[in-house]
Every structure is written in structure tokens, then in C-alpha cells.
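The values are calculated or read from the model by the stated rules, or taken from the named source; none is laboratory data. From a predicted model like this one, the values you see are computed outputs, not experimental measurements. When we count neighbours, we look across all protein chains shown, and the Cβ atoms used for this are built from the backbone with ideal geometry, even at glycine. For the accessible areas, the whole protein counts, side chains as well, though only heavy atoms, and no ligand, DNA or RNA atoms are used. Shrake-Rupley method; radii C 1.70, N 1.55, O 1.52, S 1.80 Å.
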Amino acid sequence: MQFSYYISCLILLFYLGIQPDVQSYNTLIKALCDVRKWFDAQSLIREMEYAGIFPDALTYAYLMTGLVKAGKSRAALTLFESAILDPTTVKSTESPVVYTVAMEAAAAIGDIPRVMEILERMEASGIVPTLKTLTVSVV
């Protein structure tokens, strides 16, 4: 589908008197990532921020997962690093989901020391690993 279709969905929500929220945007971002439209997903994030709605952990997880599935694990790791180091987005990334996807990205490129380093950073940040997180760490 064309990016304009997703923008049309947002316009329809406004027309119906429904104020899009982070979940609305995340649904569209996930759909764009599922069809490998990363640039469109990133553009939608800019639109989202312009509307005063900021990405959350799922937003980053959807983008990173889409990149990993497309074989762009290094790009997913770059996104992870920039998000956790940016003071404006660090709170949005304090989630086991985001760290787990980063670990999956590192595992996908065979960087096992990086998997363990991400797990250590996660625990040092006070984020409790999930069962899935621990599964990735033993792969």
C-alpha cells in the first residue's frame, strides 16, 4: 500500500472526531514495517511527533523488529543505540521489549558478546529481563 493510504487513515480518524494516539500511530507503523516501508514508517514517526505524540517502547520495537526481519540488524542496533542515548527518547526505551529486540538483532549478525553486553546494560538500568529476553541470551 502507498504511504498516502496510511495518512488517509489518520485523516479519517480526525474526520470521525477520533484523536489519534500513540497506539493509532503504532498500528500504522507496524503495518508499514510489515510491508517493509521503513522510510514511510520513519516519516510517520515525524508526523506523530509533529502532532505532539511521541514514540513509546512499542514504536521502537516495531521499527527494530521490521529492520531485523528485513536483514537490516545493524540498522536496528543503530536505532537502539541512538534511542537509548538520546535524553529525549531514553524513557521511551526503558522496556524489556526494546532491549530484547536489540539482543535479537545482535544475535542475527552473530555478535554474541554484544547480546550479552545489551543484557548487562538492561539489568544495570533496572529493567527486568523477560523469559524471551533470557532465551535470546542463551542462543
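Is region 63-73 home to any residue that is part of a helix (DSSP H, G or I), closer than 16 Å to Ile29 by Cα and either polar (S, T, N, Q) or open to solvent by 60 Å² or more (accessible area, probe 1.4 Å) (or both)?
Looking for residues that are part of a helix (DSSP H, G or I), closer than 16 Å to Ile29 by Cα and either polar (S, T, N, Q) or open to solvent by 60 Å² or more (accessible area, probe 1.4 Å) (or both), one finds at least one in region 63-73, hence yes.
This table checks each residue for (1) of a type in the set (Val, Ile, Thr); (2) open to solvent by 70 Å² or more (accessible area, probe 1.4 Å); (3) outside any helix (DSSP H, G or I).
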| site | (1), (2), (3) |
| --- | --- |
| Thr27 | yes, yes, no |
| Cys33 | no, no, no |
| Leu58 | no, yes, no |
| Leu77 | no, no, no |
| Lys91 | no, yes, no |
| Ala107 | no, no, no |
| Gly110 | no, no, yes |
| Val115 | yes, no, no |
| Lys132 | no, yes, no |
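For region 55-81, give me the residue count where each residue is among the β-branched types (Val, Ile, Thr) and under 9 Å from the mean Cα position of the chain (by Cα).
Within region 55-81, residues that are among the β-branched types (Val, Ile, Thr) and under 9 Å from the mean Cα position of the chain (by Cα) number 2.
If you take the residues of region 93-105 that are open to solvent by 40 Å² or more (accessible area, probe 1.4 Å) and assigned to a helix (DSSP H, G or I), which of them is nearest to Gly71 (Cα to Cα)?
Checking each candidate, the answer is Glu104.
From (1) of a type in the set (Asp, Glu); (2) open to solvent by less than 50 Å² (accessible area, probe 1.4 Å); (3) out of contact with any helix residue (DSSP H, G or I) (no Cβ under 8 Å at 6 or more places or on another chain), pick out the condition that doesn't hold for Asp40.
(3)
Give me the residue from region 117-130 that is in a helix (DSSP H, G or I) and among the aliphatic types (A, V, I, L, M) and, out of that set, farthest from Leu67 (Cα to Cα).
Ala124
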